[in-house]
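K.L.:
Quick one: structure below, then a few questions.
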Amino acid sequence: MMNRQNFQQIKAGFVIKEIGNELMLVPLSSNVSKMNELFTMNETGKFIWENLNGGMDMEALILNMSETFDVAPDQVRQDILLFQEKLSQMLSCKL
Amino acid sequence: MNLVVADFLIQINAGFPLQIDAGYVPYIQVHNTNCPDVIIECRQGLPIGLFDDCKILFEANNGHHKFYTIVRYGEGFGFLIYSQQFPDEIQQIALLDKDLKQWEIYTRPELDGSIDPMKYPMGPIVLYYLVIKNEAIMIHASGIFDGEKGRLFTGFSGTGKSTMAKLWKHNGSTIINDDRLIIRKNGNRYVMHNTPMYYADQPMSASVDAIHLIRHFPKNTTQCIKGVKAVSSVMAFCIQNNFDKLFIQNCIGFISGLCTSVRVYETGFVPDTSIVSFLNGHED
C-alpha cells in the first residue's frame, strides 16, 4: 500500500509542471529509451498527487476521495494502488 | 577554430591540425571575437581509467548499438563516446564542467593521424548541452519556410517528416532541415535553426509559426491542440538526457512558452502536394 514515505520516494523521481489546470510528469531516467515516456494526470490522479503532496494521511485521502468522487472506499483503495503501480513502472522501480 | 551554430559561438582550441566533418565546414567562422558560448579543448589520445569508480548517470543506446555513456565526474560530467563503426570501441572521452560551458575532448586519432573532435555522435552531444543551458531545444523535426510562415513537422520515425518537407519544397518553400533543428527564442518569436549534418548545408533559420505533429492518413486533417497535451507531445520528440531535474525543467519551461506562442496541430496527411494548400487554408 502506498504511504507518504514511498510517495515521497516516487515524487523525487519526477519533475512536475502544472500547465493550465493539468499536471505533466516527466520521470528522471538513466536511459535514452525512456525519454519519450511522459505522463499527464487526469482529475483523479491530480487529486491523489496534490493531497498526498500536501501531507494528507492515506486513510483520510481514501475517505476524502470516496466522498468527492462518490466511489466506494475499496474501489478508491484499488485505484490508488494502480496509480502507484503506474508511477513506479515509469521510474522502473519497485517500491 | 570557431563554429557558429544557431547563433551559438563554439570555440574549438587545439595545438594541432583538426579534421572536421564536411557538414561542419559551412558553420566555420574564422573571425569572430564575440564571447564563446562554449569552449572545447581538444586532446589527442584516450586517457585510461579516467572514469574508474565514477557513477553512471545515463546510457544512450538503441538496444542494438551504444552511442554514449555519461558518468558523474567531479562536479561535472564525463562522457564515453562509442565508435559507430566498431561497436564497443571507445572513440572519444569527454569532460564537461558543471556550468556546461567548458569541454575537454580526448579523441583517438584516425588512421591518417587526424583528429575530429566533433565526430558523430560527439557533435550533437555538444550541441545538446549547449541548448539546455541556453533556453533552447533540439528536436527531431523537419522545418520549412514558405516566404511568410515557418512550419515545423515532427513525429515518430517514418511518419513523413522528410516527405512533408519535400512536398513543401515542391511548392516553392525552403527546407531549413528535414531531420534535426534547434529552436531558440528571439524577442517575442521563436526561431528554428538547422545544425551540422553529415552533408554540407548552409546555416539557415526561419521563424516558427506553426508546429505539426504529423502522421500518414487516408485524408488530410488537422486539429489544434493546447495545454499539457501540446507540451507533452512536442517534448516527446525533443532530444533529451533526462537524468537531471534541471535539464527537464529547462526543457519543459521552454516548450511551455513555445506552445503558448505557437499553435500546435495534430495533422494527418496524404503524401501529395494537396497538404500544402490544405494547411494554408486550415491553420488559424
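K.L.:
Please determine, by comparing only the residues of segment B:221-245 that are more than 9 Å from every other protein chain (Cβ to nearest Cβ) and in contact (Cβ under 8 Å) with a residue 60 or more places away in the chain, which one is nearest to B:Leu127 (Cα to Cα).
P.N.:
B:Val234
K.L.:
Scan segment B:55-97 residue by residue and report those that are in a strand (DSSP E or B), more than 21 Å from the chain's Cα centre (by Cα) and of a type outside the set (A, V, I, L, M).
P.N.:
Passing the criteria: B:Arg72, B:Tyr73, B:Gly76.
K.L.:
Could you identify the single residue in B:Gly113, B:Gly45, B:Gly150 that is without any contact (Cβ under 8 Å) to a residue 40 or more places away in the chain and among the small types (Gly, Ala, Ser)?
P.N.:
After applying the criteria, what remains is B:Gly113.
K.L.:
Right, another one. Given (1) at pLDDT below 95; (2) within 14 Å of chain A (Cβ to nearest Cβ), identify the lone condition not met by B:Phe77.
P.N.:
Going through (1) at pLDDT below 95; (2) within 14 Å of chain A (Cβ to nearest Cβ) one by one, B:Phe77 breaks only (1).
K.L.:
If you don't mind, another one. Of all the residues that make up segment A:1-22, how many are among the aliphatic types (A, V, I, L, M), surrounded by 18 or more Cβ atoms within 10 Å (Cβ to Cβ) and modelled with pLDDT of 85 or more?
P.N.:
Total satisfying the criteria: 2.
K.L.:
Output yes when any residue across segment B:212-220 is under 28 Å from B:Lys98 (Cα atoms) and among the β-branched types (Val, Ile, Thr), and no when none is.
P.N.:
Scanning segment B:212-220 turns up no residue that is under 28 Å from B:Lys98 (Cα atoms) and among the β-branched types (Val, Ile, Thr).
K.L.:
In segment B:257-266, which residue that is surrounded by fewer than 20 Cβ atoms within 10 Å (Cβ to Cβ) and in a helix (DSSP H, G or I) is nearest to the other protein chains (Cβ to nearest Cβ)?
P.N.:
Checked segment B:257-266; the qualifying residue nearest to the other protein chains (Cβ to nearest Cβ) is B:Thr260.
The values are calculated or read from the model by the stated rules, or taken from the named source; none is laboratory data. Since the model is a prediction, treat every value here as computed from it, not as a measurement. Note that each Cβ is placed from the backbone with ideal geometry, even for glycine, and that neighbours are counted across all protein chains shown.
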